[in-house]
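Notes follow the structure.
The values are calculated or read from the model by the stated rules, or taken from the named source; none is laboratory data. Please read these numbers as outputs of a predicted model, since none were measured by experiment. Here Cβ is always computed from backbone atoms with ideal geometry, including for glycine, and neighbour counts include all displayed protein chains. The protein model used for the area step is the full one, side chains on, heavy atoms only, and it has no ligands, DNA or RNA in it. Shrake-Rupley method; radii C 1.70, N 1.55, O 1.52, S 1.80 Å.
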Protein chains: 2
Amino acid sequence: MENRRVSIKDVAKKANVSTATVSRVVNNKDGVTQQISEKVQEVIKELGYSPNTAARSLVRQRTNAIGIVVNNLHDPFFYDLIKGFETAAQQTSYSVVFCSALGGDVKSKENYVKYLSNGVVDAVILYGSYRSDESMIKYIQDNEQIEFVMIENDVPSLQCNKLLIDNFGGAKNAVNYLKEKKHRKIAHICGNPNKKVTIERFNGYIQAMQEADLEVKEGYIQYSSADYRSGYERMNALLDLEERPTAVFCSDDALASYAVRAALDRGLRVPEDISIMGFDNQRILPDRYRGPEITTVEQPLYTIGMDSIRLVSERLSNTDMKMPVRKMYETKIIERETVCEYHG
Amino acid sequence: MENRRVSIKDVAKKANVSTATVSRVVNNKDGVTQQISEKVQEVIKELGYSPNTAARSLVRQRTNAIGIVVNNLHDPFFYDLIKGFETAAQQTSYSVVFCSALGGDVKSKENYVKYLSNGVVDAVILYGSYRSDESMIKYIQDNEQIEFVMIENDVPSLQCNKLLIDNFGGAKNAVNYLKEKKHRKIAHICGNPNKKVTIERFNGYIQAMQEADLEVKEGYIQYSSADYRSGYERMNALLDLEERPTAVFCSDDALASYAVRAALDRGLRVPEDISIMGFDNQRILPDRYRGPEITTVEQPLYTIGMDSIRLVSERLSNTDMKMPVRKMYETKIIERETVCEYHG
DNA sequence: CTGAAAGCGCTTACAG
DNA sequence: CTGAAAGCGCTTACAG
C-alpha cells in the first residue's frame, strides 16, 4: 500500500529507454529491436511491473471488460445463468465482473449500473425486470454510448439489446399441458408483484384459460407476496375453496415448492390428489425442499447467459453492427413428478 | 457507442466555468457560490454528465471499489459467503465486484487478480486454496501495495490479511463426535486432492483417531477425485471392506451426499446401518439430493464474507493499520439425520 | 470564490 | 527503430 506502484516511467528509466518503447514491448507491437525488447522485458520482470488498467482504459477509450448486474447473486436461481456467463467469459478475451444488489434494492442496482458504465466496462448486461427500475432505465436511456443488454426485461422505450423469454407463451403452454391432462379446474398462484414476469405469466394463464373455454372460478387466482414462502398460504387458500381446483399453475418453482409443501402437510398426495406446476426449471429449490420433483416450464438461462456475453463481445469488435438485437427465447415443458392426469 | 461521452469539459464550456469548478460541484466541495453551483448542476442534468471512473481513479489513486475472486461463482456452495459479501457491501460505500474462474482454471483466476489489482479496485478478496495457485501467490507477493485478504488459504510466505477456518480442528471434532456416539470403526473419504482443505481435514481425522487410540484400518482412507460424485464409489469401496466401518467422515457435504446415496442404493439405512458425516454445512446439496439431512461441521462463511469486506474497508480508511490481520474461525457441529449412536 | 496549470499512468500519431 | 509530446478525463494545490 505504501510504496507507490511501479509505473511505466520507472521501467523506462531503469531500462534507459522512453516510455513509448516500454509501452510498445508491453503491448507486443513490432518495431522494437530484439535487444531492446529483451532488456525492457527483463526490467519489467525485475520490477514486477504491470500496466495500470485505469490509465490504459482512459487513453484507449476501451476497458476490455464486461459488467453484469443482478439482484441477489447468492440466489441459486441463477445457477444456470451464471454458469452460462462464466462459460462464455472463459472463451472471450474480456474480463467479466459481476455486481449484485441485495433484495430488490433499486438504488444500489442503479449505482452499480452507473459505476460500471462510467469507464469501468465497455458493456453492461442486466438481468431482471422490476417494476421499480424506472430511474435506472432512464439513466440507461441517457447513456447509450455504452453497449447494454437487458435480459428478460422488455422496456419499449429502450433502444438497447434485449434477450427476452416468452413468459406469456410459456404460461399458456403450462395451462394447455394441464388441460391435456384432463384438468378443468386450474388455479394460478401469482408471483412477486414487483416483477414484470409475474404479469406476463399471469396474462398467459388468463389467455390460455379463455382460449380453452375454461372457467376461472372465484378464488382461483391467488396473489402471493414478494416472498415465495407465501406460496404456502396461497395454496392453503386454494385448498379451502369450496370448489377446489384439481391443478394449480404457480408463477415460479420456488412458489410451487411451497405450494407442494402445503398440500403435503394437509395430507394430500401430489400429484394424485392435486397437480402442481411451476415455472423456471430451477434446479435448486429453497429451504431444503425434498418433496416430489416439480413439473415445470424451462427458460433457457444457460444459453441466455452465454449468448449475452457473446453478443456483446461481437458487437464491441464490429463497430458497424448498429441496430440493437432483440431476441425472444422459447420455453419448454419439463415433465416431472407433480402433475398427473385427472380422473374425474 | 458512437457519440463521445459527455466530459467535464463539455459541461464547463456550456456553464461558462472552469473544469475545476465543475469538479468542485460534482464532489460537493464547498467554496462555490450557490448561484454558480446551481447553474452547473443544471447543465450536468441537461447533458446527463457523470464523471469517468477511470480518470477519477487515476488522479485520486483510489478506486473506491473492492474486488472478490472465487472459482465457480455458480456453485451453491457459496450461498452463505456471497450473502455475507452482499450484506456488507450494502453497508459500505465501496462498490464491490465479483470475478469468477470456471473449474479450477488457475490462469483465469490469476488474470482476474491481475486485472483487478492494476487500478480497478483498492483491495481484492480471494477465496479458496488450490495447490496450483502458486504463480498467483507469487504475483500477490510482488504486489503488496494493494490490500489483499485471503480467505481459507494460509500461505506462510504471504504477508497479507488472512481469514482462516479451523479445518484441522473441525475434522478432529467430527471424529470425536462420532466417537462419543460409540463408533470405533471410523473411515474417511478425502476430498478434492487439489484443495488444501482436503489435507487439513485429513490430518484432523488422523490426529483425532490417534488421540482416541482408534485404529485406522486397511482401506479406511478413501481418496476421491476432484469430482464430488466420486464419493459414491468411495463409499462403495468402504462398504465392500471385510471389516466395514460403522461411521464415515467425509471431507465435505457434497461428497457426503454421494456417500449417502451409495449406502441407500445398497439397501442400507442411514444412519441406522451406517453413520455418515460431512463438512461445510452447505445448505444446498448437488444434483437434487433428497436423502436424509446430513450431519456436518459448519464453517461460518456468512460471517467471513461480512468480515472480509468490513476488514478491508476499515483498513482502506485507516492508513495507519499496517500489520495484516490473521484470524482463525472456529467450526461447529451441526447435528442432523445421518449420524446415530452405534449399538455394537 | 474561481481558474490556469500540473499531473495521475498510460498510448499513439508524428518526427527524426 | 526510437523518443518527445500531446492527450485521455479527471482533481487539486496554487495564485489571484
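With respect to the conditions (1) over 15 Å from the mean Cα position of the chain (by Cα); (2) open to solvent by less than 30 Å² (accessible area, probe 1.4 Å), A:LYS179 lacks only one, and its number is (2). Just name the residue that is nearest to the other protein chains (Cβ to nearest Cβ) out of those in the stretch B:18-67 that are away from DNA strand D (no atom under 12 Å from the Cβ), of a type in the set (A, V, I, L, M) and in contact with a Leu (Cβ under 9 Å, 6 or more places away or on another chain). Among those residues, the one meeting the criterion is B:ALA65. Residues in the stretch A:4-31 that are open to solvent by 40 Å² or more (accessible area, probe 1.4 Å) and not in a helix (DSSP H, G or I): A:ARG4, A:ARG5, A:ASN16, A:SER18, A:ASN27, A:ASN28, A:LYS29, A:ASP30, A:GLY31.
Got a sec? Which of B:ASP307, B:ASP273, B:ASP280, B:ASP287 is open to solvent by 10 Å² or more (accessible area, probe 1.4 Å), more than 11 Å from every other protein chain (Cβ to nearest Cβ) and farther than 24 Å from B:ASP166 by Cα? Within the list B:ASP307, B:ASP273, B:ASP280, B:ASP287, the selection yields B:ASP273.
Screening the candidates B:GLU242, B:GLU215, B:GLU211 for the property of being closer than 17 Å to B:ALA263 by Cα and loosely packed, with under 15 Cβ neighbours inside 10 Å yields one hit, B:GLU242. Would the stretch B:163-184 turn up any residue that is at negative phi, in contact with a Pro (Cβ under 6 Å, 6 or more places away or on another chain) and in contact (Cβ under 8 Å) with a residue 40 or more places away in the chain? Checked against the condition, which is being at negative phi, in contact with a Pro (Cβ under 6 Å, 6 or more places away or on another chain) and in contact (Cβ under 8 Å) with a residue 40 or more places away in the chain, the stretch B:163-184 yields no hits at all.
Looking only at the stretch A:5-51, residues that are closer than 24 Å to B:LYS138 by Cα, of a type in the set (D, E, K, R) and away from DNA strand C (no atom under 11 Å from the Cβ) come to 6 in all.
Taken over the stretch B:196-207, residues that are closer than 16 Å to B:GLY278 by Cα and either of a type in the set (Phe, Trp, Tyr) or buried (at least 18 other Cβ atoms within 10 Å of the Cβ) (or both) amount to 7. Would you say B:SER230 is part of a loop (DSSP other than H, G, I, E, B), without any contact (Cβ under 8 Å) to a residue 60 or more places away in the chain and surrounded by fewer than 24 Cβ atoms within 10 Å (Cβ to Cβ)? Criteria not met by B:SER230.
Hey, could you check the stretch A:313-344 for residues that are among the aliphatic types (A, V, I, L, M) and more than 15 Å from the chain's Cα centre (by Cα) and say which is most open to solvent (accessible area, probe 1.4 Å)?
A:MET323
Residue check: A:LEU158 meets all listed conditions (1) within 28 Å of B:VAL6 (Cβ to Cβ); (2) buried (at least 19 other Cβ atoms within 10 Å of the Cβ) but one, namely (2). Residues that are closer than 22 Å to B:TYR205 by Cβ and touching a helix residue (DSSP H, G or I) at 6+ places or on another chain (Cβ under 7 Å) within the stretch B:300-313 comprise just one, B:LEU301. Filtered by the rule that a residue be at negative phi, facing chain A (nearest Cβ under 10 Å) and buried (at least 22 other Cβ atoms within 10 Å of the Cβ), the stretch B:116-132 gives B:LEU116, B:SER117, B:VAL120, B:VAL121, B:ASP122, B:ALA123. Of the strands (runs of 3 or more DSSP E) that lie entirely inside the stretch A:233-330, those containing 3 or more residues that are within 15 Å of A:ILE186 (Cα to Cα) span A:247-250, A:275-277. All but one of (1) within 18 Å of the chain's Cα centre (by Cα); (2) within 16 Å of DNA strand C (Cβ to nearest atom) hold for A:ILE125, so report the exception by its number. Condition not satisfied by A:ILE125: (2). Of the residues making up the stretch A:194-219, those that are within 30 Å of A:TYR127 (Cβ to Cβ), without any contact (Cβ under 8 Å) to a residue 40 or more places away in the chain and of a type outside the set (S, T, N, Q) number 6.
Open to solvent by less than 40 Å² (accessible area, probe 1.4 Å) and not in a loop (DSSP other than H, G, I, E, B), is that true of A:ILE82?
yes
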